[in-house]
Amino acid sequence: MTTMSFREALNAALDEEMARDAKVFLMGEEVGQYQGAYKVSQGLLDKYGEDRVVDTPITELSFAGVGIGAAMVGLRPVIEMMTFNFSILALDQIINNAAKMRLMSAGQYTVPIVFRGPNGPAHMLSAQHSQATENWYCNVPGLKVVAPSTPNDGKGLLKAAIRDDDPVIFLEAELMYNMKGEVSDAEDYVLPLGKCHVKREGTDVTLVSFSKGIHHALGAAEELAKDGVSAEVVDLRTLRPLDMEGLARSVKKTNRVVTVEEGWPYGGIGAELAYRIQHELFDYLDAPVTRVTSLDVPMPYAENLEELVLPTPRDVILAANTVLYRS
Amino acid sequence: MGETETKQLFCDAAATEAFGRDRLREAFKQMIGIRRFEERAAREYASGKISGFCHLYIGQEAVATGSLAALEAKDHVITAYRDHAHALLRGCTPRDTMAELFGKVTGNARGRGGSMHMFAREHGMHGGHGIVGAHIPLATGFGWASRYEKRGDVTLCFFGEGALNQGAFYESLNLASLWHLPVVYIVENNRYAMGTSLERASAVVDLYKKAEGFGMPGVAVDGMDVTKMWQATQEAVDRARTEMRPTFIEARCYRYRGHSMSDPAKYRTKEEVADYKQVDPVLLAERTLHDRGWATEEETEAWDDEARDAAADAADFADGSPQPRLEDVGEYVYRTPLQWHPTEGTTPHHRD
Amino acid sequence: MATIVEMPRLTDTMEEGTLAAWLKEIGDKVAAGDAFADVETDKAVMTFESFDDGVLLAVLIEPGDTVPLGAPIAILGKKGEDVTAQVEEQKKRLAELLAAGPATSAKAEEAEPEPEPEPEAEPKAEPEPAASAPSPASSGGAASVPAAPTDADGRRVKASPLARRIAAERGVDLTTVAGTGPNGRIIKRDVEGLEPTRRVARAGAAPVAREDTVVRVSQMRKTIAKRLVESKQSAPHYYLTMTVDADRLVSLRREINAAQDRLKVSYNDLVLRACVVALMDHPEVNVAWEGTTIRQFAGVHLGFAVALDEGLISPVVRDADTLSLLDLGEQVRELAGRAREQKLESAEYTGASFTVSNLGMFGIDHFTAVINPPGACILAVGALAQQPVVKDGELAVGHRMTVTLSCDHRAVDGARGAAFLADLKAVLEAPLGLLL
């Protein structure tokens, strides 16, 4: 294992996959000469040249479409969205083209494309730069959605996403890029898509989350442990397709669930998890599934308001207490 | 006003010479085949065998036929939803095209696509797209892949003049010029985007002039003349293949039917339609063949009969074909579905 | 060869078309593509261009006619061809299509499945308290055991799915469990350590096929039941309770029984006699509600409750106010005996102006009874027992008995009922008057 930051782990994944397969190329704003807006693609232009590390004008719709077209005829593009806020401009391409091309053509096309970049709120970026988009993409059959929470997972899952033959939405988080963690030294470290991962074992309550939310959950678990409550933290890793089997193992053990996410509540990831859990695991529940989300407001700029809006480990603890019937 | 500039009774002499006897005979056969197919499709729609949208190419046959004659087997074609002709010209048969219109499993997209989504990937026919202008970036992506792997192939990207005002068009042509991509962008200017005439939608109606804003060559062509379409496209295709530079072609044409099957076409006069019928591309080609002795009346009539027969045969085939199997509803969504299945997260509906 | 022209689908949503105008006349040559007719559709008036060549030989509809898609509207053929047969045939076909009702497209012909009727929510019946029976018994033991969580309808129990499953697996009856979750929800920790409820079969016990016992209701029970239901439902009952110092009653009984052999006088005899005496002073309580009138009975017709297997029956001593204590006692015994043998005439168990029900022999402290019509009141008598009492500011032991008077508020209002009860108490506490 080697200690490295989340961005370094992603960089390593890109590097390895581009070295391994000439069909893989990276395209997006500032990915080349600028070394990446968040330095995820640092050094790649020097190594692979401007044909494979492509700076684009500010045209999300068309470079998403160019990537999809290239994928349709055999290449394996990685399209960087500087942030997923801007992916909204490319939604038509992603949903109407990438997700649906295979079905409309009865399987004649494979679209092995990855759209990656930071998703969700960061710090004081205000409303238009704080959009959580994971639930929108999860709604669409034809897409896969992945959201790693650690450097190790980032590396293994990005490699898997690039190798996957279907369009993958790969969601990172700006505030995680500096996070350090142990990363596997295995020569070709690939994690499976579609499988969740228990980040912390426990018996009393299941905290399920993904991406940055995992760290709120882990923080809450630490605190709860001091009070003798043993929380199990389940990292979804892949949001679509969901690993209900893995999740069920945890729920059957603890009988109580708290979901954690940074997006808005209506139709968020927690909403889907709550439906699936109560539908498939009804008789194992000792309490209703409870979710922790941000408040239902566009993100304000003021620091104190943003702090209020965003979920924290404390919110997770309060939710856990509710399902544990502790005061 | 954007009318065809020459009301001639024959195809352009020089272009016809260059096109040659064999190719013109072939082009006529293709165009009459498309014409009879589209007429039969209209009839099947009126009988309820085809449902949803159905956009007919009647009147525009020369645009696709002429331009596709400039291509090699490895080249790519992509268009919007008025795509039956492009499909028939590039890898699809009347049978599998009609079957796709009928929503049958024997269709070229196995009934999953319908009128607007005809595909034949192996022959370089990449659809068939429903969102106006949204396929233009895809075409640009084909050009990107061609350049990336030095494949030497060329992409023809067709769209209507209504798509010209979409952001996707502007972004794509800019990228094609900037990155030197081998794409020929062809706007099939039939003067009406559904009910809105070009004059009411576009500040500039000489559309080929927009090319200048992208730093690429632009040219207007008589889209009713199959030889001129071929000639202009051949020039652009050569430029793309050898110089890696895109071209923008404005094909001035006309559609004799409404925008789609539901269109009462109240936005243009009967006189205007009659006017354009004098320059029916199929008639132009036929007359030219007869005039030059490149084909006899017997021959062209026989080809017409064959075309009608092929259309009738296609309709019978489609009618007798089965729909897709219900249990296959989840097919073709993912290449590697993992544990996904189409009923997940749903309350299964039991049809006991 | 004639060609039948049918109404075409000119828009994607049209289901029928109205002919606006023919654009060709009979005898005209029609070429494929020619404008044939103007048709009004759901979207606009569209021009129908002919699919076929031929001469227009016949039209089957007129401008203004509305026909469904596919209906025959005209016939093309060769010039001079005779198509009268086809015209007849097609007109018949057209008539059938029109008679079939509103035009439907192929899609609409699939009948819409009938929406399933909503299953009616089963109304939860309010269990009626049993006939002049006491209010629900508290489970044996201290009164501090919390009652099982119940809803207004007395049935729904709130429990988490997990708790239900555990309870089911262990044979625990959820209605006996107190829930510590929000709103009394029973949760896992409430059922985890519980033993199976006695009434419920143990989990895992092989269920033996057992049948419920069904007994036909006797006519008598039916009648009693009917009348009690009527009484409870129509008379607005209210209840007055009093505790009587029974010390002197105890000593009087002893003395009476020591002084004669004719009848072993019971406390019940003394209570019955006391009621008669009190009623003689309160004729306004010895009444019946009759809707527009109140009947004040001439005499006291005293009903007294007797428990039979068949049910509770109240034989009536007519004109009890004319009887002495011992006479009354003898008649009560005689009636009760015949009641137990079910040999009472109906006149002997109806018409009570006042009824007494005594459950003191069961140890009941006090209870409320259902008024036995036609009377307007019933007295429920509890056990006579020794209790700690206050005498002259000091703790002592005394005999006490609690009685509860149910009154029909329509006939006997609170003040009257209270006044009667106060006098009854006075009579019981100075019981020598019973001998008069």
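Summary of values
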item	result
A:Val234 being modelled with pLDDT of 95 or more, part of a helix (DSSP H, G or I) and of a type in the set (Val, Ile, Thr)	no
Matching residues in the range A:300-324 - criterion: being assigned to a loop (DSSP other than H, G, I, E, B) and either under 20 Å from the mean Cα position of the chain (by Cα) or outside the structural domain of A:Val234 (by TED's automatic domain parsing) (or both)	A:Leu310, A:Pro311, A:Thr312
Top-ranked residue in the range B:273-316 [being free of Cβ contacts under 8 Å to residues at least 24 places away in the same chain and part of a loop (DSSP other than H, G, I, E, B); ranked as surrounded by the most Cβ atoms within 10 Å (Cβ to Cβ)]	B:Thr296
Condition broken by B:Gly103, with the remaining ones in (1) touching a Gly at 6+ places or on another chain (Cβ under 9 Å); (2) more than 9 Å from chain A (Cβ to nearest Cβ); (3) crowded, with 24+ Cβ neighbours inside 10 Å satisfied	(3)
Among residues of the range A:201-221, those that are without any contact (Cβ under 8 Å) to a residue 60 or more places away in the chain and charged (D, E, K, R), counted	1
Matching residues, the range B:122-137, being part of a helix (DSSP H, G or I) and either free of Cβ contacts under 8 Å to residues at least 12 places away in the same chain or more than 9 Å from chain A (Cβ to nearest Cβ) (or both)	B:His123
Strands (runs of 3 or more DSSP E) wholly inside the range A:166-210 containing at least 3 residues that are in contact with a helix residue (DSSP H, G or I) (Cβ under 6 Å, 6 or more places away or on another chain) and crowded, with 21+ Cβ neighbours inside 10 Å	A:168-172, A:205-209
Residue count for the range A:101-136, restricted to those that are in contact (Cβ under 8 Å) with a residue 12 or more places away in the chain, within 14 Å of chain B (Cβ to nearest Cβ) and either assigned to a loop (DSSP other than H, G, I, E, B) or out of contact with any Phe, Trp or Tyr (no Cβ under 9 Å at 6 or more places or on another chain) (or both)	5
Index of the failed condition, B:Gly111 passing every other in (1) at the interface with chain A (Cβ under 9 Å from one of its Cβ atoms); (2) closer than 22 Å to B:Ala193 by Cβ; (3) part of a loop (DSSP other than H, G, I, E, B); (4) not hydroxyl-bearing (Ser, Thr, Tyr)	(2)
Which numbered condition C:Arg156 fails, given (1) part of a loop (DSSP other than H, G, I, E, B); (2) modelled with pLDDT of 85 or more; (3) charged (D, E, K, R)	(2)
Residue in the range B:60-77 that is at pLDDT 95 or above, in a helix (DSSP H, G or I) and hydroxyl-bearing (Ser, Thr, Tyr) present	yes
Unmet criterion (only one of (1) within 21 Å of B:Val333 (Cα to Cα); (2) more than 12 Å from every other protein chain (Cβ to nearest Cβ); (3) within 11 Å of the chain's Cα centre (by Cα)) for A:Leu171	(1)
Residues that are surrounded by 19 or more Cβ atoms within 10 Å (Cβ to Cβ) and either under 18 Å from B:Lys277 (Cβ atoms) or at the interface with chain B (Cβ under 10 Å from one of its Cβ atoms) (or both), drawn from the range C:12-38	C:Met14, C:Val30, C:Phe36
Residue count for the range A:20-45, restricted to those that are free of Cβ contacts under 8 Å to residues at least 60 places away in the same chain and surrounded by 20 or more Cβ atoms within 10 Å (Cβ to Cβ)	10
Subset of the range C:39-60 that is part of a loop (DSSP other than H, G, I, E, B) and among the hydrophobic types (A, V, I, L, M, F, W, C) - its residue that is farthest from the other protein chains (Cβ to nearest Cβ)	C:Leu60
Residue within the range C:342-349 that is farther than 17 Å from C:Leu272 by Cβ and touching a residue at least 40 places away in the same chain (Cβ under 8 Å) present	yes
Contacts under 9 angstrom Cβ, first residue in the range A:231-256 being over 12 Å from A:Ile277 (Cβ atoms) and away from chain B (no Cβ under 14 Å), partner part of a strand (DSSP E or B) and among the acidic types (Asp, Glu), 6 or more apart	A:Lys253/A:Glu232
Residue pairs meeting the criteria (Cβ under 7 Å; at least 6 apart or on separate chains; first closer than 17 Å to C:Glu25 by Cα and in contact (Cβ under 8 Å) with a residue 60 or more places away in the chain, in the range C:53-76; second part of a loop (DSSP other than H, G, I, E, B) and among the small types (Gly, Ala, Ser))	C:Ile75/C:Ala2; C:Leu76/C:Ala2
When residues of the range B:138-178 are limited to those that are in contact (Cβ under 8 Å) with a residue 60 or more places away in the chain and facing chain A (nearest Cβ under 7 Å), the one farthest from the chain's Cα centre (by Cα)	B:Phe142
Scope the range B:82-100; condition surrounded by fewer than 23 Cβ atoms within 10 Å (Cβ to Cβ) and more than 17 Å from B:Thr155 (Cβ to Cβ); matching residues	B:Thr93, B:Arg95
Selection within the range A:139-154 - more than 10 Å from chain B (Cβ to nearest Cβ), surrounded by 20 or more Cβ atoms within 10 Å (Cβ to Cβ) and of a type outside the set (D, E, K, R)	A:Val145, A:Val146, A:Ala147, A:Pro148, A:Ser149, A:Thr150, A:Pro151, A:Asn152, A:Gly154
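Residues are listed down the side, and each one gets a yes or a no for (1) surrounded by fewer than 16 Cβ atoms within 10 Å (Cβ to Cβ); (2) part of a helix (DSSP H, G or I); (3) touching a Cys at 6+ places or on another chain (Cβ under 6 Å); (4) not polar (S, T, N, Q):
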{"residue": "C:Ala288", "(1), (2), (3), (4)": "no, no, no, yes"}
{"residue": "C:Gly291", "(1), (2), (3), (4)": "yes, no, no, yes"}
{"residue": "C:Leu312", "(1), (2), (3), (4)": "no, no, no, yes"}
{"residue": "C:Leu335", "(1), (2), (3), (4)": "no, yes, no, yes"}
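A quick yes/no check of all residues on (1) in the same structural domain as A:Gly213 (by TED's automatic domain parsing); (2) touching a His at 6+ places or on another chain (Cβ under 6 Å); (3) of a type in the set (S, T, N, Q); (4) over 30 Å from A:Val251 (Cα atoms):
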residue: A:Ala122; (1), (2), (3), (4): no, no, no, yes
residue: A:Gln128; (1), (2), (3), (4): no, no, yes, yes
residue: A:Ala132; (1), (2), (3), (4): no, no, no, no
residue: A:Asn135; (1), (2), (3), (4): no, no, yes, no
residue: A:Val146; (1), (2), (3), (4): no, no, no, no
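The values are calculated or read from the model by the stated rules, or taken from the named source; none is laboratory data. Keep in mind that this is a model prediction, so the values were computed, not measured. Please note: Cβ atoms are built from the backbone with ideal geometry, for glycine as well, and neighbour counts cover all protein chains shown.
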